[in-house]
């Protein structure tokens, strides 16, 4: 054999590397291949690339002042095409992914843990997420307010622009106080459909910890609207006449009294940079250093979205703004912009039956239908989603399966979600009390009392299903603290009333020079006395599981501090 | 550096717990819930540490994925290019800017594909509102890689009114049209080509607003001129010696008049699952010159749809009986005016124009089922036969085929179909956008 033939694999690999280095990294499509964010700005920017990290921090300081990144917004339709068509196809032919899938079947740990998780298995506060209800219960009155105190766009309204992009009909206004709002009409025949869904979803998302805009349900009459003169004359390239406006209003819902039903969304403060992307870090954002699909709050959003039936979580439904703080520096804030396609709603009317059950382009279900000659019965066909309530549309909780929720377009972060991420999301969902859910639904101000009753009941049922499902996969033992030489923790399923009191098995393994043989302890309460264990080692690893449960145990690490112990690590799954 | 920070934070947690532990232990989910292990969280916009270092793909994963990334890189580039194109043209389509009046003249390029080796292109001119508000004039022309030249004109007035008018005219010069001989037993080995130049025009008075429930009174003109072909081998003259085919190399011109109609009762006109649809066409052709033949041209078609326990699974049946009958003093039909297995009458699993004679029978059964939205998968079985007269049809001589494909109901008059069918002559794939069946 000639030498060059023998060395062909090496040559191939070398060629591969050469090509890899030769092409723009982003082109290859892996989030982790992004260039260091803002590398091209590094000379002028403050140093935010320090290697100082603290695994125990509760604030991931990603809001430190940086220069304003350039505007970058993925093209809406192009990105839709990529999310709905290219990525599913690409994923279908992702051979390494299949290899990893097979490896997982044999017990290999190939999934990557989320990056921004602190020592207590929580997501620290950041410009993406703020710990709220599952850490400190949000009072009902505060929860209903959402991100801001309630104030409405003062009438009369001056229309400054028509609404561009998206499926819903609407316009931009300046209210009597000069504030800018985007007004989106409900679809014809369904007053309060999108408005209600948006209000309830954004209220719960905010209480869960996500950033949302300030939205308010509004009703208005034709007489409340005037057209900006430039817009009416078309002097700035865009024209909207009274006749156009009349025609536009016919595409929206009206109440029985003739007033129009809409949601008004206050323009976010700061400079709008555009939607973030799950495929790449934001160029120029020096603080954005974790691949977005590896952020836990984006992975765990799957569980929260499944609760809300928030099936339209494409990139365009998120928005980044640059908030200036001082000397033209500032930071990027990340918002969930449009949760209106939640529960039973879609911008054009009640959602399609399959929304939330299968993707827009779902090759898996296509194949199943094809192979079975159309005799497969999809879950969405079994579900009774027709509520008969115009302001709710199509929604249900009986067939809902927390592990089978499917967004409209594939979401990279959801794809990367581990059981630990899902548990974290489920913990947030489970933290909402019945009263809080009712308060969130009240934010929609539904006229139809059936809507309130139905939605509250459905959300409670779905919450409980989510908690049972994910807490059955991972032991919901959390909030570990050492007090008076005892390790105390909460059994979340027991706390929220899903189960009665139960017992726990604890396996204690000491580490360090004075390691001892593992000890097994059986607990009838979520309290582990540490004094009696006679641990001599400086550090111990404790595995806590629920007796008789198949749920994965929780791993806790204790480190000796003086005469006592401190919890230094918690990991679920 | 890390250890003291961890210690401080943990100590903070511990102190917080001690401070809050004096009261009753709150339960998770209660209105008084405060997590016991959380210190003062702090402001992310202040100076402070990050929770983790920038993340990178794991090295072993990079090594695993690298060869595949390189191998699929060209496809990635194509996908990216398509993404950009979708973004650019999609925006123009979805947000066309200030709304223009419905009428007006529009010129656009058009591309036509007649097969893998035949791609044509040319201009298309649409004039909405000509001559009146609800009418539309379309003029188009194309020239293909096989030197096929086409021009078309269509004008519709009041297409969706109870009474409307339609004018269709066309010119088609195709230098490599296939011919296999006349009859049901012709050999595929006799495939030959000839040039057929056709000029036609037809005016219709439309009675009925819906094309699926409409009677059309038609009158028109048709000229066919078969000549020596090119862009292919063998030529018709080489396989069928001069004089063996009626009217070979002889042009014919006809005036046509008659009626056509559709009557359908369907639950869904684009994707019917229950209902029937009947079609009928009758035209009398009168020769323009003494040498031109006189004949009747007719077609009867029936379609029926029945659901299989659900609307998304459908049995669809189609039967067609078409023919031409010489009348008056005419005894021989020109070979190029016989009924051919082409277009809507093509036999699945066989090439187009494979069979032709005075009469044609076609029967098809399809099982369709929903795959994605309006896209249906289908399995088909078809029998087709041509014969010189009705009494000559025999079940044994029928040409059978079976296959499958996909169907997308585009409008109530047209569907996109991608089919692959197997016959005794092999496998044939077709992509069409024609009849609504």
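Please treat every number below as a calculation from the coordinates, not as lab data. In this text the structure is predicted, and so the values were computed from the model without any measurement. Neighbour counts are summed over all protein chains in view; Cβ atoms, including those assigned to glycine, are modelled from backbone coordinates with ideal geometry.
Miscellaneous remarks
- Per-residue Cβ neighbour rank within 10 angstrom, fewest leading, A:401, B:344: A:401, B:344
- Placing pseudo-labels 7 Å out from each Cα toward the beta carbon at residue B:257 and residue A:53 gives an inter-label distance of 8.9 nm.
- Rounded to the nearest 500, the helix-only mean residue ellipticity at 222 nm of chain A stands at -7500 deg cm²/dmol, with each DSSP H run of n ≥ 4 adding -39,500 (n - 2.57).
- Net length gained if the chain between residue A:464 and residue A:250 were fully extended (0.36 nm per residue, minus Cα distance): 73.0 nm
- Ranking of A:366, B:75 by count of other Cβ atoms within 10 Å, fewest first: B:75, A:366
- Rounded Å value of the spacing that divides the Cα centres of the stretch A:491-561 and the stretch A:52-81: 38
- Extension reserve of the residue A:73-residue A:177 stretch, reckoned as 0.36 nm per residue once the Cα distance is removed: 34.5 nm
- Distance between the stretch B:238-264 and the stretch A:234-313 - C-alpha centres, whole angstrom: 61
- Relative contact order of the stretch A:194-290, defined on C-alpha pairs under 8 angstrom at six or more residues apart (%): 29
- Taking 0.36 nm per residue of separation and subtracting the Cα-Cα distance, full extension of the segment from residue A:92 to residue A:502 would add 143.3 nm.
- Paramagnetic reach from residue B:68 (point 7 Å along Cα→Cβ, amide N under 19 Å) across the stretch A:363-401: A:363-364
- Remark: B:186, A:235 ranked as A:235, B:186, counting other beta-carbon atoms within 10 Å and listing the fewest first.
- Relative contact order %, the stretch A:376-434, counting alpha carbon pairs below 8 Å whose residues are six or more apart: 20
- Between the stretch A:327-371 and the stretch A:99-140, the alpha-carbon center distance in angstrom: 22
- Angstrom value of the Kirkwood radius, inverse mean 1/r, which spans all Cα pairs in chain B: 27.2
- Most simply put, the protein assembly as shown has about 95% antiparallel DSSP beta bridges, counting only bridges with both residues inside it.
- Average Cα contact separation per residue, chain B, under 8 Å, 6 or more apart, as relative contact order %: 8
- Between residue B:143 and residue A:367, the FRET efficiency from the beta-carbon distance, with R0 = 45 Å, is close to 0.60.
- Placing dummy labels 7 Å off each Cα toward the beta-carbon, the span from residue B:167 to residue A:404 is 6.0 nm.
- Distance between modelled label sites at residue B:392 and residue A:555, nm, 7 Å Cα→Cβ extension: 8.4
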